[in-house]
Amino acid sequence: MKKYSIFAIARNARTHHENWERAWRSPDPKPHYDVVIIGGGGHGLATAYYLAKECGITNVAVIEKGWLGGGNTGRNTTIVRSNYLWDESAALYDHAVRLWEGLSDELNYNVMFSQRGLLHLAHNVHDMQEIGRRGNSIYMNGIDSEFLSPEQVKEMVPIINLNCRYPVMGGLLQRRGGTARHDAVAWGYARAADAMGVDIIQNCEVTGFKIEGGVVKGVETTRGSIGAGKVGVVAAGHSSVVAEMAGFRMPLESFPLQAFVSEPMKPIVDCVIMSNAIHAYISQSDKGELVIGGSGDPYISYSQRGSFDQIEHVVGPVLELYPIFSRVRMLRQWGGITDVTVDRSPIMTKTPVENMFFNCGWGTGGFKATPGSGHVFAHSIAKGEMHPVAAPFSMDRFHTGALIDEAAAAAVAH
Amino acid sequence: MFLVKCPWCGWRDQTEFSYGGEAHIARPLEPGQISDQEWGDYIYTRTNTKGIHAERWVHTQACGRWFNALRHTVTDVMWDSYKMGEDAPTPPKDWDGLTCCDDHKKLAEGAKK
Ligand SMILES: Cc1cc2nc3c(=O)[nH]c(=O)nc-3n(C[C@H](O)[C@H](O)[C@H](O)COP(=O)(O)OP(=O)(O)OC[C@H]3O[C@@H](n4cnc5c(N)ncnc54)[C@H](O)[C@@H]3O)c2cc1C
Ligand SMILES: [Zn+2]
Ligand SMILES: [Zn+2]
């Protein structure tokens with residue numbers, strides 16, 4: 001892998017940028033891998049990267065039915081934060097934020113991580129109580145978290161209308177939160193993993209498993225059978241479908257979640273603003289588009305498009321809070337299929353099939369966790385035992401009752 | 001956004017209804033007798049079907065009644081609904097949420113009340 005740098009740009013300018021090395025190979029699948037990862041989203045690619053880099057396992061394939069990052073990784077609104085309520089979540093999400101902080105250097109790929117600050121608005125007494133409780137827990141876990149008065153909110157976001165139908169009573173700010181470039185995360189991990197020998201196989205769908213005596217031996221794909229010592233399933237919205245191929249069911253439901261962007265405009269919002277009470281959040285991309293999202297559709301679906309009525313539910317409150325946007329035109333709208341658990345926490349787990357591991361249930365909020373998730377999942381697969389940070393998120397919590405309820409931190413906010 | 005068929009009011013916009021999750025999940029008769037695993041499965045584990053899904057709906061904005069329905073979760077097209085306690089209808093075997101062959105369609109239409 002040739003290093004990306006200012007000198008590389010200069011060198012390549014001399015040949016009219018026609019000789020850049022391909023970012024990763026497109027190999028044919030080998031007959032057998034030590035580890036097969038199903039799903040070429042950010043989490044799957046990060047898993048492969050850390051397997052190769054930290055666990056010394058380089059005979060790895062990432063198998064993706066479509067194109068890299070074409071799932072939720074390329075469809076999300078890129079919010080990164082670690083302001084969750086419980087200790088288990090704090091450990092996991094802040095581990096990710098710390099990795100984000102050095103990720104562009106580590107991957108030699110600009111993931112455009114921008115810690116521009118993330119502001120949760122409170123609009124009523126319940127919101128104030130919720131951010132009060134959560135803010136203090138976050139603080140006690142050593143994660144930055146500040147309460148803002150309405151005046152401080154106004155100072156940070158001058159265009160906000162504090163006294164609208166949704167009066168702003170206060171806010172919870174995580175300054176280390178922000179956004180990152182979603183595609184770059186997938187591409188950066190892919191390029192770095194490929195350089196260590198990981199085979200990235202796109203346009204290849206896993207259609208079944210080879211399981212002998214309760215132990216997984218390989219996967220069936222649209223490009224033939226591939227043997228595997230271990231399998232990591234990182235298939236987001238399709239996790240239940242893949243689990244069915246392996247003969248078990250998951251505590252998951254798949255819901256469409258949509259987002260939209262406006263036409264690009266000059267910088268006007270320099271942080272991320274979200275709001276639990278009104279299911280609408282907003283930020284501005286470096287290109288200048290407003291990135292706007294809301295809540296998921298209220299029924300399971302694999303349709304990968306959001307319903308129209310949700311648009312109105314989101315745009316209405318956005319215009320109440322920021323009347324200046326009333327004439328902004330929307331450019332694109334899309335949906336992704338999010339795999340949601342009842343406690344709004346992910347699942348990182350062993351399964352009833354030996355040597356098969358699942359990493360899923362990230363639902364509407366897993367982009368922020370990509371580096372941390374890949375990191376602890378890689379170590380879990382390598383060792384055959386869940387990493388201590390991942391262990392509380394095992395599937396058995398759904399019958400022991402040890403749920404990690406992040407409904408307030410993650411059911412609406414992403 | 002799609003159409004939902006209320007057995008009493010007919011086809012209406014989905015926004016008039018509230019979704020009630022997977023249908024036909026029976027509460028274990030003797031909760032004290034079953035394992036934590038089985039109880040957890042009953043509460044949390046779902047089929048989450050990609051394809052034809054049996055599910056519950058309630059006509060919140062109108063008659064307020066609960067019913068079951070079959071919907072294809074890729075196209076969001078509802079095949080038919082049925083009253084609580086009734087057997088599920090049988091869509092054509094090869095219905096992909098939009099089309100199926102004529103033979104299977106005739107068979108299924110015959111079964112549709
Ligand atoms: C509209 C929207 C907004 C969001 N906003 C945020 C946000 O602001 N912040 C945040 O933290 N999170 C957000 N999320 C959630 C976030 O996108 C996901 O949690 C995260 O990207 C999941 O990453 P992943 O790699 O696990 O999944 P994905 O990127 O979906 O990757 C899974 C891959 O598996 C592949 N696959 C599935 N089945 C098979 C098979 N049988 N064979 C081969 N490949 C298969 C799929 O094609 C897919 O590429 C949002 C999601 C959506 C949809
Ligand atoms: Zn009705
Ligand atoms: Zn037919």
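I need a count of the residues in segment B:45-60 that are open to solvent by less than 30 Å² (accessible area, probe 1.4 Å), β-branched (Val, Ile, Thr) and within 16 Å of ligand 3 (Cβ to nearest atom).
The total comes to 0.
Suppose we filter A:SER283, A:SER326, A:SER303 for residues that are in contact with a Leu (Cβ under 9 Å, 6 or more places away or on another chain) and surrounded by fewer than 22 Cβ atoms within 10 Å (Cβ to Cβ); which single one remains?
Details: A:SER283 fails: surrounded by fewer than 22 Cβ atoms within 10 Å (Cβ to Cβ); A:SER303 fails: in contact with a Leu (Cβ under 9 Å, 6 or more places away or on another chain).
A:SER326 is the lone residue from the list that is in contact with a Leu (Cβ under 9 Å, 6 or more places away or on another chain) and surrounded by fewer than 22 Cβ atoms within 10 Å (Cβ to Cβ).
Pick from segment A:388-414 the residues that are part of a helix (DSSP H, G or I) and over 29 Å from A:TYR281 (Cα atoms): which of them is most open to solvent (accessible area, probe 1.4 Å)?
Filtering segment A:388-414 down to residues part of a helix (DSSP H, G or I) leaves A:391-393, A:397-400, A:407-410.
Among the residues that remain, those that are also over 29 Å from A:TYR281 (Cα atoms) are: A:391-392, A:397-400.
Details: A:ALA391: 44, A:PRO392: 46, A:ARG397: 3, A:PHE398: 12, A:HIS399: 56, A:THR400: 91 Å².
The residue in question is A:THR400.
On the given criteria, is B:TRP57 at the interface with chain A (Cβ under 10 Å from one of its Cβ atoms) and either of a type outside the set (S, T, N, Q) or closer than 21 Å to A:GLY361 by Cβ (or both)?
Details: at the interface with chain A (Cβ under 10 Å from one of its Cβ atoms): yes; either of a type outside the set (S, T, N, Q) or closer than 21 Å to A:GLY361 by Cβ (or both): yes.
For B:TRP57, the condition - at the interface with chain A (Cβ under 10 Å from one of its Cβ atoms) and either of a type outside the set (S, T, N, Q) or closer than 21 Å to A:GLY361 by Cβ (or both) - is met.
A:MET274 - would you say it is open to solvent by 30 Å² or more (accessible area, probe 1.4 Å) and under 30 Å from A:LYS154 (Cβ atoms)?
Values: open to solvent by 30 Å² or more (accessible area, probe 1.4 Å): no; under 30 Å from A:LYS154 (Cβ atoms): yes.
The answer is no for A:MET274.
Please enumerate the residues belonging to segment A:244-254 that are in contact (Cβ under 8 Å) with a residue 24 or more places away in the chain and at the interface with chain B (Cβ under 10 Å from one of its Cβ atoms). Outline the logic, then answer.
First pass over segment A:244-254, keeping only residues in contact (Cβ under 8 Å) with a residue 24 or more places away in the chain: A:245-248, A:250-254.
Once the filter is applied, which keeps residues that are in contact (Cβ under 8 Å) with a residue 24 or more places away in the chain and at the interface with chain B (Cβ under 10 Å from one of its Cβ atoms), segment A:244-254 yields A:PHE248, A:MET250, A:PRO251, A:LEU252, A:GLU253, A:SER254.
All but one of (1) farther than 30 Å from A:VAL261 by Cα; (2) out of contact with any Asp or Glu (no Cβ under 9 Å at 6 or more places or on another chain) hold for A:THR78, so report the exception by its number.
It fails just one condition, (1).
Which one of A:GLY335, A:GLY288, A:GLY366, A:GLY384 is crowded, with 24+ Cβ neighbours inside 10 Å and away from chain B (no Cβ under 11 Å)? It would help to see each step written out before you state the result.
Values: A:GLY335 fails: crowded, with 24+ Cβ neighbours inside 10 Å; A:GLY288 fails: crowded, with 24+ Cβ neighbours inside 10 Å; A:GLY384 fails: crowded, with 24+ Cβ neighbours inside 10 Å.
Among A:GLY335, A:GLY288, A:GLY366, A:GLY384, only A:GLY366 is crowded, with 24+ Cβ neighbours inside 10 Å and away from chain B (no Cβ under 11 Å).
Output the residues belonging to segment A:338-363 that are within 13 Å of chain B (Cβ to nearest Cβ), of a type in the set (A, V, I, L, M) and assigned to a loop (DSSP other than H, G, I, E, B).
Passing the criteria: only A:VAL342.
So, in segment B:61-97, of the ones that are modelled with pLDDT under 95 and within 14 Å of chain A (Cβ to nearest Cβ), which residue ends up most open to solvent (accessible area, probe 1.4 Å)?
Only one residue fits best here, namely B:ASP96.
I want to confirm something. Restricting to segment B:11-33 and keeping residues that are within 11 Å of chain A (Cβ to nearest Cβ) and surrounded by fewer than 14 Cβ atoms within 10 Å (Cβ to Cβ), which single residue is nearest to the chain's Cα centre (by Cα)?
Among residues in segment B:11-33 that are within 11 Å of chain A (Cβ to nearest Cβ) and surrounded by fewer than 14 Cβ atoms within 10 Å (Cβ to Cβ), the one nearest to the chain's Cα centre (by Cα) is B:GLY21.
Any chance you could count how many residues in segment A:221-243 are within 14 Å of chain B (Cβ to nearest Cβ) and small (Gly, Ala, Ser)?
Result for segment A:221-243: 6.
Search segment B:17-29 for residues that are among the aromatic types (Phe, Trp, Tyr) and pair each with any residue that is in a loop (DSSP other than H, G, I, E, B) when their beta-carbon atoms are under 7 Å apart and the residues are at least 6 apart or on different chains.
Partner pairs satisfying both residue conditions: B:PHE17/B:HIS59; B:PHE17/B:THR60; B:TYR19/A:PRO298; B:TYR19/A:TYR299.
Residue-wise test of (1) among the basic types (Lys, Arg); (2) in contact with a Ser or Thr (Cβ under 9 Å, 6 or more places away or on another chain).
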| position | (1), (2) |
| --- | --- |
| A:ALA259 | no, yes |
| A:PRO264 | no, yes |
| A:ALA280 | no, yes |
| A:LYS287 | yes, no |
| A:ILE324 | no, no |
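Looking at the structure I just gave you, is A:HIS43 away from ligand 2 (no atom under 16 Å from the Cβ) and free of Cβ contacts under 8 Å to residues at least 12 places away in the same chain?
Details: away from ligand 2 (no atom under 16 Å from the Cβ): yes; free of Cβ contacts under 8 Å to residues at least 12 places away in the same chain: no.
When the stated conditions are applied, A:HIS43 does not pass them.
The values are calculated or read from the model by the stated rules, or taken from the named source; none is laboratory data. Owing to the predicted nature of the structure, the values given are computational and were not obtained by experimental measurement. Virtual Cβ from ideal backbone geometry, glycine too; neighbours counted across all protein chains shown. Each accessible area value is taken on the protein alone, full model and side chains, heavy atoms only, with ligands, DNA and RNA left out. Shrake-Rupley method; radii C 1.70, N 1.55, O 1.52, S 1.80 Å.
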